[in-house]
Amino acid sequence: MTAKSFDLIVIGAGPGGYVAAIRGAQLGLKVAIVEREHLGGICLNWGCIPTKALLRSAEVFHLMQRAGEFGLKADKISYDLAAVVKRSRGVAAQLSGGIGHLMKKNKITVVMGQATLPAKGRVSVTTDKGVEELTARNIVLATGARARELPGLEADGKRVWTYKYALNPPHMPKRLLVIGSGAIGIEFASFYNTLGADTTVVEVMDRVLPVEDVEISKFAKKQFVKQGMTIMEKAMVKQLDRAKDKITAHIEVKGKVEKHDFDTVISAVGIIGNVENLGLESLGVKLDRTHVVTDEYCRTGVDGLYAIGDIAGAPWLAHKASHEGVMVAELIAGGKPHPVKPESIAGCTYCHPQVASVGYTEAKAKELGYDIKVGRFPFIGNGKAIALGEAEGLVKTIFDAKTGELLGAHMIGAEVTELIQGYVVGRQLETTEEDLMNTVFPHPTLSEMMHESVLDAYGRVIHM
């Protein structure tokens, strides 16, 4: 069998892989992409996109329940979980089909199957028709990651779920335990809690959303508790006793083990990289805790082999993967792209209220030795937030006192996942506090709080 030859082969068609393939094709490279399951990967089919569709349904349901506050009437409000899930699957399917169209448009060869790397520059793909051999000088690993499953807490799809089951649930939870309060755990807790599940969140660290600024975590916890969630911090699920209609969780808190009954458990305790069965070890690729070790340009140390996205380590975000895909394609095509800086990548969590951040937390900035100025502005001081009926929230900004550099921005409240990009652009353009203070923000908008938070850091806040 003659091997098909390409300039670039991408393994994995998630938001890192398919973007790398498109950018490579735009730059004149002959590109192939190998995918074993779905174009668009986990993000599009089982992650970012369908979860946002579910959360939108929950948000509308929540607003319907508040109709009276807005002078509106809505009686006998209810939901149809199957219809909510069907809409979310439809949104994912529509976008997955769109990726197929983009592959055709950019003349990218799509090979559906399981890839291995038998030697440098070679990819062997097991398809439903047999084995296809491909060769290329450059190969990009974009195989992503999957849910970590702890011993004894493994998903069974009936009462114990990972994100996949939670996206297509066999039943509506009445008493729900969510293990892990990172973005995935908190988004599912928020969704099911809004629909009426009695929700408990267990977090092993000392606070929920542990990667966020401490102040934001505390604010978030207060809101979640107000919404009826039970939050257990510095706690660990040691064991799950499974019965037909219930799960008894043994939860260790402050050295004592408590038993609590639930009908559903969602495990969201992190991810592990899809590094197995690719032949990486024999090629000499270095692995660190299921992730491929790379330099700032995503090079693995093996000539012509790159790794991007979740398989290459934190932050585990689709937009980081996409940007790395573009960078690597440009590097392969002879360009001189800038490396992706993790601290310039925003993180967004779409719970209610939303959480978004970029750059250093206050604690991290201090740890790095910066002399800092911190500004804050609450949603209650913003006209648009009050008009929206969304007066709970906070914008926090952190500056280098010496240079005026924006070191970090942290937000919680309505639409902050959209607002954060203003600060991301500011950091990219190496904006100072003076630039931000002299920028005119439109009124009435939520974005005015971003201005006020900057002003507050320098003792010039107007509306507080």
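In deg cm²/dmol, rounded to 500, what helix-only [θ] at 222 nm does the chain give when every DSSP H run of at least 4 residues adds -39500 (n - 2.57) and the total is split over its residues?
When only DSSP H runs of four or more count, the value is -9500 deg cm²/dmol.
Apply the Karplus parameterisation 6.51 cos²θ - 1.76 cosθ + 1.60, with θ equal to phi minus 60°, to every residue of the range 88-94 and state each ³J(HN,Hα) to the nearest whole Hz, in sequence, with x for glycine and proline.
These are the phi-based 3J(HN,Hα) values: 5, 5, x, 4, 4, 5, 4 Hz.
With the cut-off at 1.5 for a/c, could you classify the range 102-260 from its C-alpha gyration tensor as rounded, prolate or oblate?
Judged from the Cα gyration tensor, the range 102-260 comes out prolate (a/c at least 1.5, a/b above b/c).
Suppose we flag GluC sites (Glu not before Pro) only when DSSP calls them loop and at most 12 other Cβ atoms lie within 10 Å. Which is the longest uninterrupted stretch of the chain?
Of all site-free stretches, the longest is 1-153.
Contact order normalised by length for the chain, with contacts defined as Cα pairs under 8 Å and 6 or more residues apart; what percent is it?
Averaging sequence separation for qualifying contacts and normalising by length gives 14 percent for the chain.
Per-residue HN-Hα couplings for the range 187-199, Karplus 6.51 cos²θ - 1.76 cosθ + 1.60 at θ = phi - 60°, whole Hz, x for Gly and Pro?
Ordered by residue, 3J(HN,Hα) equals 5, 5, 4, 5, 4, 5, 5, 5, 7, x, 6, 6, 10 Hz.
For the chain, with every protein chain kept in place, what is the accessible area per residue (1.4 Å probe, Å²)?
47 Å²
Between the DSSP loop rule and a limit of at most 16 other Cβ atoms within 10 Å, which chymotrypsin sites (Phe, Trp or Tyr not before Pro) in the range 6-70 are left?
none
Rounded to whole Hz and in sequence order, give me ³J(HN,Hα) for the range 423-435 from the Karplus expression 6.51 cos²θ - 1.76 cosθ + 1.60, θ = phi - 60°, writing x for Gly and Pro.
Per residue, the Karplus-derived 3J(HN,Hα) values read 6, 4, 4, x, 5, 4, 8, 6, 5, 9, 4, 5, 4 Hz.
Would you give the gap between the C-alpha center of the range 352-406 and the C-alpha center of the range 291-345, rounded to a whole Å?
29 Å
What is the set of long-range amide H partners of Val461 at a cut-off below 5 Å, with H atoms built 1.01 Å from backbone N?
Answer set, sorted by chain and number: Asp456.
Restricting to bridges with both residues inside the chain, how much of the DSSP beta-bridge set is antiparallel, in percent to the nearest 5?
60 percent
Of (i) 4, 18, 26, 26, 19, 6, 1, 0; (ii) 4, 19, 26, 22, 14, 9, 4, 1, 0; (iii) 4, 20, 31, 28, 14, 2, 0, which one was derived for P(r) over Cα pairs in 10 Å bins from 0, in percent from the structure shown?
Derived directly from the coordinates: (i).
For the range 116-143 and the range 34-53, write down the distance between their C-alpha centroids in whole Å.
After rounding, the separation between the Cα centres reads 22 Å.
From Cα coordinates alone, what are the radius of gyration and Dmax values for the range 134-193 in angstrom?
Cα radius of gyration and Dmax of the range 134-193 are 16.0, 54 Å respectively.
So who's got an amide H within less than 5 Å of the one on Ile266, skipping anything under 5 residues away but keeping other chains? H placed 1.01 Å off N, in plane.
It is Trp161, Leu177, Val178, Ile179, by chain and number.
Compute the distance in nm between two label points, each set 7 Å from the Cα along the Cα-to-Cβ direction, one at Asp206 and one at His260.
2.1 nm
Going by Cα centres, the range 176-255 and the range 432-447 are how many Å apart?
What the calculation gives is 36 Å, centre to centre.
Pop out the carbon and sulfur fraction of the accessible area of the range 318-405 as a percent, whole number, probe 1.4 Å.
Answer for the range 318-405: carbon and sulfur cover 52 percent of the accessible area.
Which shape class applies to the range 170-263: rounded if a/c is under 1.5, otherwise prolate when a/b exceeds b/c and oblate if not, where a ≥ b ≥ c are the square roots of the Cα gyration tensor eigenvalues?
It is oblate, given that a/c is not under 1.5 and a/b is not larger than b/c.
The values are calculated or read from the model by the stated rules, or taken from the named source; none is laboratory data. All values derive from a computational prediction rather than experimental measurement. Quick reminder, even Gly has a Cβ in these numbers, built from the backbone with ideal geometry, and neighbours come from all protein chains shown. Surface accessibility is based on the protein's heavy atoms, side chains included, excluding ligands, DNA and RNA. Shrake-Rupley method; radii C 1.70, N 1.55, O 1.52, S 1.80 Å.
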